[in-house]
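Have a look at the structure below before the remarks.
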Amino acid sequence: MVYGALDIGGTKIAGALVDEDGHLVARAQRATPARRPAEELAAAVTAVQDELAAHPAWADLSCFGIASAGPVDAAAGTVSPVNIPAWRGFPLVELVRTHPAVPAGVRPVLVGDAVAMTAAEHWLGAARGVANALCMVVSTGVGGGLVLDGRVHGGRTGNAGHIGHITVDLDGPRCPCGAPGCVETYASGTAIAAHALALGWTAPSGVRP
């Protein structure tokens, strides 16, 4: 049995095949054309699937999970990532499901990327065996996911625990999501680097801020 996985982020689209023990079997990646039209983004997703489908282990594919920058709508199968402007209500699950190599009985499951990270940590990582946890990721944005009563809790839409878009300063700068003073506007890796540069910090030679 092999699990398929797809991760949609602001800088890269990554895919993988994983066995029942969580071992990586195959991996594929493309850069995210985040500022390009929706069709180019979709083509990058399909290219990752094409590469995975060419691996012999694909024949044992039993299920497929999709993690995406949010917000996502797990019930509708759509995504509207703040950092990918061309995708608003984009039917990502349908795109992945209708790839010609996806077996007829496999219906991809969509959650927010931080919820997927939380599921991984609860399965094999830092939250393994824990009944209740808040897992956080700080990268281009700030995300979070919840484990409640021993189970990952994605919520009705698949975004539960996504603390990056909680307002912490009503007079703060406007976040791309539309709200003022979100956690993400202050604490993401991107925001921290921008703040440091504004204060006069200079990145070492060869290091991108």
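The values are calculated or read from the model by the stated rules, or taken from the named source; none is laboratory data. Since this is a predicted model, take the numbers as computed values, not measurements. Using ideal geometry, Cβ is built from the backbone for each residue, glycine included, and neighbour counts are taken over all protein chains shown.
Looking across the range 11-45, the residues that are in contact (Cβ under 8 Å) with a residue 40 or more places away in the chain, within 13 Å of PRO81 (Cβ to Cβ) and surrounded by 17 or more Cβ atoms within 10 Å (Cβ to Cβ) come down to THR32, ALA34, LEU41, VAL45. Flag: VAL207 does not match the condition of being within 24 Å of LEU110 (Cβ to Cβ) and not polar (S, T, N, Q). Residue pairs whose Cβ atoms lie under 6 Å apart, separated by 6 or more positions or on different chains, with the first residue in the range 161-185 and of a type in the set (D, E, K, R) and the second assigned to a loop (DSSP other than H, G, I, E, B), are ASP169/GLY181; GLU184/GLY141.
Yes/no per residue for (1) at pLDDT below 95; (2) in contact with a Cys (Cβ under 8 Å, 6 or more places away or on another chain); (3) not in a helix (DSSP H, G or I):
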| position | (1), (2), (3) |
| --- | --- |
| ALA14 | no, no, yes |
| VAL25 | no, no, yes |
| ALA28 | no, no, yes |
| ALA42 | no, no, no |
| VAL45 | no, no, no |
| ALA57 | no, no, no |
| ILE66 | no, no, yes |
| ASN83 | yes, no, yes |
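Scanning the range 152-177 for residues that are closer than 17 Å to VAL111 by Cβ and either modelled with pLDDT of 95 or more or among the acidic types (Asp, Glu) (or both) returns no hits.
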